[in-house]
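Quick notes on the structure that follows.
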Amino acid sequence: MIEINDLTVTYKSDKEQYTAIKNVTMTIPDGGTCALIGPSGCGKSTLLKAVAGLIPSFEGNVEINGAPVNPKEQTIGFMPQNYGLLPWRTVYDNIALGMKIKKSPALLDKNTIKGVMHQLGLEGLGHRYPKELSGGQQQRVALARVFALKPDILLMDEPFSALDAITREEMQDVFLKLWRKFEVSTIFVTHYVEEALYLGQKIVILSAGSGSISNVIDNPLFGVENVRGQEKFFQMGLKLREIIKKDWEQAWES
């Protein structure tokens, strides 16, 4: 479970001070997914970094499974936009990297790595380097690395944005299959309305400019079989776009 209460992050420099996110409160239950959507500069990535324990100073509280966020004690899977693969390491070594960083003998399990590689269709590619893979394959390696960790929570920053539309949909399905197996509480940032509808049990809209939550939507279409081709998916997408557009227009007018 991820619990965020009155989270405010303020950045300071010699010349200025500005608030990236303000009074954010939200809860992601055990095994739940939350899609975080909002315009550039509204604080989405800052929110992820705070939950990941990468921002040392903030106001409010962030708890993982009832304890304050602490990357040294909790296993936090973090997947950046560029996948975070090291070009000089093989596929296998990139997947094992998270385990080695945690330095836990229980995590340094070759069978776990091989099992995740099998689930993601990466068998036979362990000796290759990232530059020898397609974008979709690189994405699979990044997913294998975070799921091999068996994380307490999973944080994903626009994980599929660099992929073409067909590959992106394929990877969304791959992610859902793994997520259902591991049941890990997940927050992911996206700019795509359809992606938010397809992957998010809960959709949180961050307001333009203020870094606060403007809307929280419980998604009735999550988990519906073959939902992408259904009229209700299209209509829900239009409704969500209208909510976002109205919010952003109000923000820029104020």
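None of the figures in this text is laboratory data; all of them are computed from the coordinates on show. Remember, it's a predicted structure, so these values are computed and weren't measured experimentally. Please note: Cβ atoms are built from the backbone with ideal geometry, for glycine as well, and neighbour counts cover all protein chains shown.
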task = If a/c stays under 1.5 just call it rounded; otherwise compare a/b with b/c (prolate if a/b is bigger, oblate if not). Do that for region 181-254, with a ≥ b ≥ c from the square roots of the Cα gyration tensor eigenvalues.
result = oblate
ask   = Cross-link list K150/K177; K114/K202; K72/K202; K15/K245; K22/K44; K12/K44: which exceed 21 angstrom alpha carbon to alpha carbon?
value = K114/K202; K72/K202; K15/K245
key: Estimated vicinal HN-Hα couplings, Hz - region 64-81 in sequence order (Karplus 6.51, -1.76, 1.60; Gly, Pro = x)   = 10, 6, x, 10, x, 4, 7, x, 6, 9, 10, 9, 10, x, 10, 10, x, 4
message = So, R0 is 22 Å and r is the distance between the beta-carbons of D14 and F58; what FRET efficiency does that work out to, to 0.05?
response = 0.60
task = Enumerate by residue number the chymotrypsin sites (Phe, Trp or Tyr not before Pro) in region 49-156 meeting two conditions: DSSP loop (anything except H, G, I, E, B), and at most 10 other Cβ atoms within 10 Å of the site's Cβ.
result = W88
query = Which length gain, in nm to one decimal place, applies between D164 and H118 when the Cα-Cα distance is subtracted from 0.36 nm times their residue separation?
reply = 14.2 nm
task = Starting with the fewest neighbours, write out L86, L120 ranked by other beta-carbon atoms found within 10 Å of each beta-carbon.
result = L86, L120
query = Can you give me the Cα centroid spacing of region 151-228 and region 79-100 in angstrom?
reply = 22
Cα centre as origin, Lys/Arg/Asp/Glu Cβ charges: region 1-49 dipole, Debye = 200
request  = Return the long-range amide H neighbours of S185 (sequence gap of 5 or more, or a different chain), with a cut-off of under 5 Å between placed amide H atoms.
outcome  = G31, G32, L154
query = Taking square-rooted eigenvalues a ≥ b ≥ c of the alpha carbon gyration tensor, is the chain rounded, prolate or oblate, where a/c under 1.5 means rounded and, failing that, a/b exceeding b/c means prolate?
reply = oblate
ask   = How far is helix 165-182 tilted off the main Cα axis of the chain, in degrees rounded to 10, range 0 to 90?
value = 80
ask   = If you take every DSSP beta bridge whose two residues both sit in the chain, what share of them, in percent to the nearest 5, is antiparallel?
value = 55
query = Just how large is the dipole of region 80-151 about the Cα centre, in debye to the nearest 20, putting +1 at every Lys and Arg Cβ and -1 at every Asp and Glu Cβ?
reply = 200
In sequence order, calculated HN-Hα J values of region 225-240 (Karplus, 6.51, -1.76, 1.60; Hz; x Gly/Pro) = 5, 6, 6, 4, x, 8, 4, 5, 5, 4, 5, 5, x, 4, 5, 5
remark   = With 0.36 nm assigned to each residue of separation and the Cα-Cα distance removed, L176 to K100 gains 24.8 nm
inquiry  = What is the sum of charges, Lys and Arg at +1 and Asp and Glu at -1, for the other residues whose Cβ falls under 12 Å from the Cβ of I21?
reply    = +1
remark   = For the pair K246 and K131, the simple spin-label estimate (label points 7 Å beyond Cα toward Cβ) gives in nm 5.1
request  = Report the one residue of Y198, L143, S57 whose Cα lies farthest in the direction of the positive end of the charge dipole of the chain (charges on C-beta: Lys and Arg +1, Asp and Glu -1; origin at the Cα centre).
outcome  = L143
